[in-house]
1. Report the residue count in the range 100-115 for those that are part of a strand (DSSP E or B) and of a type in the set (S, T, N, Q).
2. Which one is modelled with the lowest pLDDT, of the residues in the range 1-55 that are among the acidic types (Asp, Glu) and closer than 17 Å to residue 119 by Cβ?
3. Taking the condition under 23 Å from residue 29 (Cα atoms) and out of contact with any Gly (no Cβ under 7 Å at 6 or more places or on another chain), does residue 178 pass?
4. Any residue that is crowded, with 16+ Cβ neighbours inside 10 Å and within 20 Å of residue 28 (Cα to Cα) - is there at least one of those in the range 105-116?
5. Examine the range 109-132 for a residue that is β-branched (Val, Ile, Thr) and touching a Ser or Thr at 6+ places or on another chain (Cβ under 7 Å), and state whether such a residue exists.
6. Could you list, ordered by first residue, the pairs with Cβ atoms under 8 Å in which the first is in the range 161-187 and at pLDDT 80 or above and the second is assigned to a helix (DSSP H, G or I), at least 6 apart or interchain?
7. Where in the range 119-177 are there strands (runs of 3 or more DSSP E), lying wholly inside it, with at least 1 residues that are under 20 Å from residue 104 (Cβ atoms)?
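The values are calculated or read from the model by the stated rules, or taken from the named source; none is laboratory data. As the structure is a prediction and not an experimental result, all values here were calculated from the model. Here the Cβ positions follow ideal geometry from the backbone for every residue, glycine too, while neighbour counts run over all protein chains shown.
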Amino acid sequence: MSVMKKNFIIVALTFFLTIPSLLLAQNTDKTVAKIRKDYAAAMEKIKFSGDYYDNLYINSIVVNVNEMWGGSGPHSEKTEIYYNMGNDESWSMDRTVFFVRSKWNVSVREFFVEILYNEKGLPEFYFYKLYGYDGKPYEFRYYWENGKLIKSICPEAVNNEALPEADVPTPKDAYKAAIKYRNIDNLLY
């Protein structure tokens, strides 16, 4: 086989093997862009909490916890859950959570989470920010499409003294936590 033929085969194989990954990356970028638009739309809806927005009444639950923890001192937690009740055709008691925000501390360390849900009630975005023992902020972002992780943005320095592995949610743990936050009926009844 000639050198030219070998080079052609190598180039052709590389081309055909690269195309699927490029298409997948392009699809992921489109999905992430859609999730970012959904996030902006949720922020707009939250402004109307307690009022109508696009023929839906925007409801919210805010839970504040203030406790004294032995060994670490004052602990506070504020969780905000935003949801629609029913739909524009009926006033049912079905609650559709679309966004959750929670902030808490353990001793002097602060933690913050935001969760965005799609129209089916599945988590599509999870943002987690915490301050390590070094006082620096660390941020984690997970994007899902129909329950499947499609992208994660995480700091490289994990599992060290400043940021122990136990403080870092895996995508699986983050998804489970998002489902737990979504079940607001546990708070109401």
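1. 2
2. Among those that are among the acidic types (Asp, Glu) and closer than 17 Å to residue 119 by Cβ, it is 54.
3. yes
4. Yes.
5. Yes, the range 109-132 has at least one match.
6. Between residues of the range 161-187 that are at pLDDT 80 or above and residues that are assigned to a helix (DSSP H, G or I), the close pairs are 169/177.
7. 123-131, 137-145
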